[in-house]
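These notes concern the structure reproduced below.
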Amino acid sequence: MNSFISPKGFATAAVLSLMTSAAFAQEVPAGYPADYAAVIEAAKAEGTVSVYTSTDAAQSQKLQDAFTAKYGIKIAYNDLGTNGAYNQVISEAAAGQVTADVVWSSAMDLQMTLVQDGYAEEYKSPEASKLPIWANYKDTLFATTVEPIGVIYNTKALTEDKLPKTYADMITFLKDNKTTLQGKVATFDPEKSGSGFLHHSNDARNRKDFWDLAKAMGDDGAKIYSSSGGMKETVVSGENVIAINIIGSYALDWVKESPNLGVHFATDYTPAFSRLALKTKDAPHPNAAKLLIDFMLSSEGQALLAGSGLPSVREDVTAGLNIKTLNERVGGGLKPIAVDEGVLEYMDQMKRVQFLNDWKAALGR
Amino acid sequence: MPRHGNANLYRNIVIGLLAIAVLAPVGLIIYQSFLSAPFFSKRAQFGFDAYRYVFTDKAFYKALGTTAIFSFGMVAIAVPLGGLLAFLITRTDIKGKRLLEILVLVPMFISSIVLAFGYTVSVGPTGFVSLFIRDIVGIVPWNIYSLPGMILIAGLSHVPHVYLYVSSAMRNLPSDLEEAARTTGASIWQVSRDVTLPMVLPALIFAASLNILLGFETFGIPLVLGDPNGIMVLTTYIYKLTTLFGTPTYQLMAVVAVVLILITLPLVAAQRRLLRNAKKYAAMGGKGARVSTLKLGTSGQVIALSIIGFWLFVSVVLPIGGITVRAFVDAWGEGVNLWDQLTFANFDRMLDVPSLSRGIVNTVILSVFGGAAAVAIYLAVGLAGHRNWGLSNTVLDYIVLLPRALPGLVIGLAFFWVFLFVPLLTPLRPTLVSLFVAYVVVGLSYGLRLLQGTLIQVAPELEESARTTGATIGRTWKDVVIPIVRPGLAGAWALIMIIFLREYATGVYLMGAGTEVIGSLMVSLLQTGAMNTIAALSLISIVLTGAGLALALRLGAKIHD
């Protein structure tokens, strides 16, 4: 890092740091504006940053540890689930007791709702230019990951070469193997799972044949689950043979620890969602919040997340998977869900009810 | 005993404080049910829209019907079985009584979500027991993901709740009536049917009504076992309302909670009437009757022990075995040799991730110290109601059973709001105190019953003699009552500790950074699929419960009173 500072600047910084007994100037990351040192200083004075999230601590522990090691700022990490995070943010704002500094959630629609309803605050991150255009919504909402949606299957029951290569083939596959798959197909219940709703409705927005897929699942007596855990466990045990529209980033990790689990993606169409970060309005630790968001988006932070199984939105990250290598891994059909108002389409109650009714009809419930 | 006197002030203060603690969240929920948006939203308007939605929703009626079938089915299994176990253990000379008394209660101390996971691994469609049976007979002859499956599992796991009530009623029965019947040549089964059963009928009915309440608020078993096939009960219907409309619809959740309260109130009234009748029966018994036990004989011993053994196998060994296996493997089920999958890796995460280890520590703190504080509170409440049959006692009874009607999830959410919006309480919200208060309210009916049971054993004569020497009621309690019940307090502490240890739904909305608890961590981990971690946490929770139980016994806990 120091190599980017001229010898003279370095000397000045060294003197400064000796004088102030804290080395703020040296810590300004490369390419950041010079006045960033003030942000760091203020953030350190704040001392802590509170995160409301739906991400298991296990998946972000390395990121948290590195951030704290780098700045000496503690992260108060609240894993509340997607609904919990949303619920607490709006409740706290109403009570005038805002505690959350950063909200980091995989519920893209809820995050966008928070932005639209005025719970978030714009922040021009120095890292924003490194992100794809679709990953930054008006400098308010940032995609920190890109996570493919795919299928998991039980390797004792199926082998990868038997699995369909395209989305359309999946429909045929479900129809052709009705006897072996009867009652052994799992998918998210969009009524009980916000993530499930997001994945299914995104498919419905993008694929005319989504309803054929839903119908085919219904004909196979598909079972619906409100959580990833329920689906994973039943496929691990062979109770279900295949689970459709599962969070692929988790699945890529699961297959490492569960030997009879396989993960598979369609080569023509692999949607991907993102975990979105925002800085809250009236955040009690606004500078620490900025620092954390920048760190999450930086190549260092992205590498730590990707190394923990949450693929990076940046192409320049080499640890784990990044958006480019992920696209190769899934066969070239990666279609990230853009961070824009599109994710709100089904927040319209009429459309939502209609979608759920169509879904239940397709599944024959 | 004087009905009035200087205890009235104390009594009213305690009942008043308790009323605030219980009625604040409950009142908030009722208020919320009449609004069109979250109560804190500017858009919220007063009206009946939420009721209109729920009462015209087909899914609601379906869930209500399923809940009723579920609860009554559960009672139909738990009450006869619990009654039978109580009879065998309290009224006969069955072998290994002391051990059985402890074992019989074990399912009660494991959270239903852990039980449900355990059953999936052992007797689920690809559970190791199921596959073993399938290899022998060709098919798996059961399906735990069906309503009958759920009812059976819930019924078996609620046997201890029945046992607790019925065994204490049986213990207080004089045995002379039974013995008289025996001398006329009646068989042990005739005696139990014609003599014992009528006398403990009030206790059985009481246990049945309490179990119906428990059935209405069950969450873990329907969540894990009912969900996949779309079997929904009222609590999972409430859960669905958190996501159905994209953003949580608190007004609809509140309406369902109000429905649950309305179902509960008549039950509480019925229980009170039963209890009054039960006192008549108790009066018939008289005091100090020598309790002798019926002789089972050799074949009787074998049959009785087999029944209990089979029940224990199904409701203790199968679920705990399942969880234990799951905690040490990374794959299971169809075509998997469990020995090949053995691993300790599932426990590694506890050390790597501070929130998990913190969750374990917090759970222990909340159980051990929170449990002790809770017992002190329950004792204060118990004394306020002690030897008091006035109006305030009626109020107390309803207040105590009100939280019982509400799912822990809803109480937790309501307390989250109370701690967020009540000015003086706000600093306590991010601390374990908020969880503690919610836990105390959730454990209220159980805890108070434990304490009342202990207090009632203090012979009134002792208190009366203290009073005649001029002692105040306060002094009588301090110098006579509390010293006598002290051993009971220790036991109650250990039992409350275990109840707090297994709680999961209450903490879902209340826990935050630094205040994680095991049960609620498992619920949030379920969302991301960390089943390996969940299994490890479940096992840790069972081990902690075992330690709590051992401690309870060391302290001389009288579980059955």
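The set of residues from segment B:90-109 being surrounded by fewer than 24 Cβ atoms within 10 Å (Cβ to Cβ) and of a type in the set (Val, Ile, Thr) comprises B:Thr92, B:Ile94, B:Ile102, B:Val106.
For segment B:433-483, which fully contained helices (runs of 4 or more DSSP H) count at least 2 residues that are basic (Lys, Arg) and out of contact with any helix residue (DSSP H, G or I) (no Cβ under 6 Å at 6 or more places or on another chain)? Reasoning before the result, please.
Working: elements: B:444-455, B:460-468, B:473-476.
Per the criteria, no element qualifies.
Step by step: first the residues of segment B:304-344, then only those that are at pLDDT 90 or above and out of contact with any helix residue (DSSP H, G or I) (no Cβ under 9 Å at 6 or more places or on another chain), then the one that is nearest to B:Ser541 (Cα to Cα). Which residue is that? Filtering segment B:304-344 for residues that are at pLDDT 90 or above and out of contact with any helix residue (DSSP H, G or I) (no Cβ under 9 Å at 6 or more places or on another chain), the one nearest to B:Ser541 (Cα to Cα) comes out as B:Phe313. Scanning segment A:113-141 for residues that are in contact (Cβ under 8 Å) with a residue 24 or more places away in the chain, in a helix (DSSP H, G or I) and either under 17 Å from A:Glu341 (Cβ atoms) or within 14 Å of chain B (Cβ to nearest Cβ) (or both) yields A:Thr113, A:Leu114, A:Val115, A:Gln116, A:Trp134, A:Ala135. Can you pull out every residue in segment B:526-551 that is more than 17 Å from the chain's Cα centre (by Cα) and at pLDDT below 85? If the condition is that a residue be more than 17 Å from the chain's Cα centre (by Cα) and at pLDDT below 85, then B:Leu526, B:Gln527, B:Thr528, B:Gly529, B:Ala530, B:Met531, B:Ala550, B:Leu551 are the ones that fit.
For segment A:59-104, filtering for residues that are free of Cβ contacts under 8 Å to residues at least 24 places away in the same chain and under 22 Å from A:Ser312 (Cα atoms) leaves 4. Only a single criterion out of (1) within 23 Å of B:Leu537 (Cβ to Cβ); (2) more than 9 Å from chain B (Cβ to nearest Cβ); (3) not small (Gly, Ala, Ser) is not satisfied by A:Val102, namely (1). Scanning segment A:262-305 for residues that are closer than 30 Å to A:Phe210 by Cα and under 12 Å from the mean Cα position of the chain (by Cα) yields A:Ala272, A:Phe273, A:Ser274, A:Arg275, A:Leu276, A:Ala277. Tally time: how many residues in segment B:401-414 are more than 12 Å from chain A (Cβ to nearest Cβ) and part of a helix (DSSP H, G or I)? Of the residues in that region, 8 qualify. The residues in segment B:323-340 that are within 11 Å of chain A (Cβ to nearest Cβ), crowded, with 18+ Cβ neighbours inside 10 Å and not charged (D, E, K, R) can be counted, and the count is 5.
In segment A:253-365, which helices (runs of 4 or more DSSP H) lie fully inside it and hold 1 or more residues that are under 25 Å from B:Gly246 (Cα atoms)?
Here the list reads A:349-363.
Give me a count of the residues in segment B:415-432 that are more than 19 Å from B:Leu28 (Cβ to Cβ) and either touching a residue at least 40 places away in the same chain (Cβ under 8 Å) or not in a helix (DSSP H, G or I) (or both).
Taking segment B:415-432 as the starting set, the residues that turn out to be more than 19 Å from B:Leu28 (Cβ to Cβ) are B:427, B:430-432.
In the following step, the residues that additionally are either touching a residue at least 40 places away in the same chain (Cβ under 8 Å) or not in a helix (DSSP H, G or I) (or both) were identified as B:430-432.
The number of residues fulfilling the criteria is 3.
Scanning segment A:44-66 for residues that are surrounded by fewer than 24 Cβ atoms within 10 Å (Cβ to Cβ) and in a helix (DSSP H, G or I) yields A:Lys44, A:Ala45, A:Glu46, A:Ala58, A:Gln59, A:Gln61, A:Lys62, A:Gln64, A:Asp65, A:Ala66. In this structure, A:Ala85 does satisfy being at pLDDT below 95, in contact with a strand residue (DSSP E or B) (Cβ under 6 Å, 6 or more places away or on another chain), within 11 Å of another protein chain (Cβ to nearest Cβ) and surrounded by 19 or more Cβ atoms within 10 Å (Cβ to Cβ).
For residues that are over 19 Å from B:Thr243 (Cβ atoms) and under 26 Å from the mean Cα position of the chain (by Cα), scanning just segment A:223-239, find the one that is farthest from the other protein chains (Cβ to nearest Cβ). Only one residue fits best here, namely A:Val235. Taken together, B:Leu244, B:Leu260, B:Leu210 contain a single residue that is without any contact (Cβ under 8 Å) to a residue 24 or more places away in the chain, surrounded by 20 or more Cβ atoms within 10 Å (Cβ to Cβ) and of a type outside the set (D, E, K, R), which is B:Leu244.
Counting the residues of segment A:197-222 that are surrounded by 24 or more Cβ atoms within 10 Å (Cβ to Cβ) and under 18 Å from the mean Cα position of the chain (by Cα) gives 4. Residue count for segment B:204-231 under the criterion of being within 9 Å of chain A (Cβ to nearest Cβ) and under 21 Å from the mean Cα position of the chain (by Cα): the result is 2.
Count of segment B:196-205 residues, restricted to those that are surrounded by fewer than 22 Cβ atoms within 10 Å (Cβ to Cβ) and either among the hydrophobic types (A, V, I, L, M, F, W, C) or within 23 Å of B:Met253 (Cα to Cα) (or both), is 5. A count restricted to segment A:183-222 and to residues that are within 11 Å of chain B (Cβ to nearest Cβ) and in a loop (DSSP other than H, G, I, E, B) stands at 9.
The values are calculated or read from the model by the stated rules, or taken from the named source; none is laboratory data. If you're wondering where the values come from, they're calculated on a predicted model, not measured in any experiment. Every residue, glycine as well, gets a Cβ built from its backbone with ideal geometry; the counts of neighbours run over all protein chains shown.
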